[in-house]
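What follows is a set of notes on a single structure, which appears directly below.
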Amino acid sequence: MLRASTSRWTVFIPLLAAIILAATWGRSLPGIGVVVVIAALAGAVLAAVQHAEVIAHRVGEPFGSLVLAVAVTVIEVGLIVTMMVSSGEKSAALARDTVFAAVMITCNGIFGLALLVGAVRRRVAVFNAEGTGAALGTVATVSTLSLVLPTFTTSKPGPEFSPAQLAFAAAASLLLYALFVMVQTVRHRDDFLPVEESDGADERGDRPTVRATLLSLAMLMVALVAVVGLAKVVSPSIESAVASAGLPQSAVGVVIALLVLLPETLAAVRAARRDQVQISLNLALGSAMASIGLTIPAIALATIWLDGPLVLGLGATQMVLLALTVVAGVLTVVPGRATLLQGGVHVALFSAFVFLAASP
């Protein structure tokens, strides 16, 4: 874990990335410009992870995981709303595709990768079944209420909610997320702490100072704004590459979601390498919960001034993948320990999601 001192590059890189974002926003980029943006995005991701670890070292778990998950999601929600306002009817399914991609990436990609890394180090990845199961159950419930039910409701034609149904889904998502945060951080905090102390456990006497923590918090926000903003800047190039490869438009959303969730992915892998698998799972499921619990209410509010349809219902293939994710997740979580096999199952589901996004 990072100590109180913050490396100079972790301050310089986010500021540089923010400058590049300001210089490239809304412009068509040449080939060299795309390379510069991608390099700045990668640097901002690494800096964000470093600053998130400083904050986590100061405030402890599970607050550290919560800070990174919520910070990324708030900025991502802002990006989604901005794109919906600017794109009109072309963005009817943008919120659905982004939220579903976030669920698949976090609950299969990050989740499975963390289990694989943890199992490789100690043959068995150990975590707290009570807290992880509660988080998974909340993600499954909110995902179903927000993304599956619109396909079957009849008040409005198409996979859409009526205004009253959308308001209910938004309120349920927000209330369940608030309840989840309260349980995670106050009532049952021990259920979300690592089961075993690792060799890299924090030394509370060497925690970062308040000044270093506030600096890291500020730089984390700058880095995350740069990550999400640069992902948006490079999206036209991604769209061109996807079109040139003959891939469907939905693949663009998957690529952008992968870029936006890079900080959580890298932070989760680093925690798993320190034998803190529970922290990795907190990041994965916390990010999934925040993505739904904050995005759906924000989109519901945005529909007040947005014109055009809002498609939230998943298709048959997507619902099958979501159901498989929930079932596999339950079977993985219940024992409180996982081997390479369970990690491989989730990575296989993530691979299936990416493949089907490219070849539906």
**Asked** Does region 130-154 hold any residues that are in contact (Cβ under 8 Å) with a residue 12 or more places away in the chain and more than 21 Å from the chain's Cα centre (by Cα), and which are they?
**Response** Glu130, Leu149, Pro150, Thr151, Phe152, Thr153
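Tally time: how many residues in region 56-70 are assigned to a helix (DSSP H, G or I), open to solvent by less than 10 Å² (accessible area, probe 1.4 Å) and not polar (S, T, N, Q)? Give the derivation first.
Initially, region 56-70 is screened for residues assigned to a helix (DSSP H, G or I), giving 56-59, 63-70.
Those still in the list that are open to solvent by less than 10 Å² (accessible area, probe 1.4 Å) too: 57, 64-65, 68-69.
Cutting the leftovers down to not polar (S, T, N, Q) gives us 57, 64, 68-69.
Going through region 56-70 one residue at a time, the tally reaches 4.
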**Item:** In region 309-326, the residues that are touching a helix residue (DSSP H, G or I) at 6+ places or on another chain (Cβ under 7 Å), of a type in the set (Val, Ile, Thr) and assigned to a helix (DSSP H, G or I)
**Value:** Thr317, Thr325, Val326
**Asked** Which condition number does Ala288 fail, the rest of (1) more than 23 Å from Thr151 (Cα to Cα); (2) open to solvent by less than 20 Å² (accessible area, probe 1.4 Å); (3) not hydroxyl-bearing (Ser, Thr, Tyr) being met?
**Response** (1)
**Prompt:** Taking region 264-277 on its own, how many of its residues are in contact with a Ser or Thr (Cβ under 7 Å, 6 or more places away or on another chain) and open to solvent by less than 20 Å² (accessible area, probe 1.4 Å)?
**Reply:** 5
**Prompt:** Is region 305-326 home to any residue that is open to solvent by 40 Å² or more (accessible area, probe 1.4 Å) and within 18 Å of Thr138 (Cβ to Cβ)?
**Reply:** yes
**Prompt:** Does any residue of region 17-26 turn out to be open to solvent by less than 20 Å² (accessible area, probe 1.4 Å), assigned to a helix (DSSP H, G or I) and at pLDDT below 85?
**Reply:** no
**Prompt:** Out of (1) open to solvent by 40 Å² or more (accessible area, probe 1.4 Å); (2) of a type in the set (A, V, I, L, M, F, W, C); (3) farther than 16 Å from Leu94 by Cβ, the odd one out for Leu301 is which?
**Reply:** (3)
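The values are calculated or read from the model by the stated rules, or taken from the named source; none is laboratory data. None of these values were measured; they are calculated from a predicted model. As a convention, Cβ positions derive from the backbone with ideal geometry for all residues, glycine included, and neighbour counts pool all protein chains shown. Heavy atoms of the whole protein, side chains included, go into the accessibility calculation; ligands, DNA and RNA do not. Shrake-Rupley method; radii C 1.70, N 1.55, O 1.52, S 1.80 Å.
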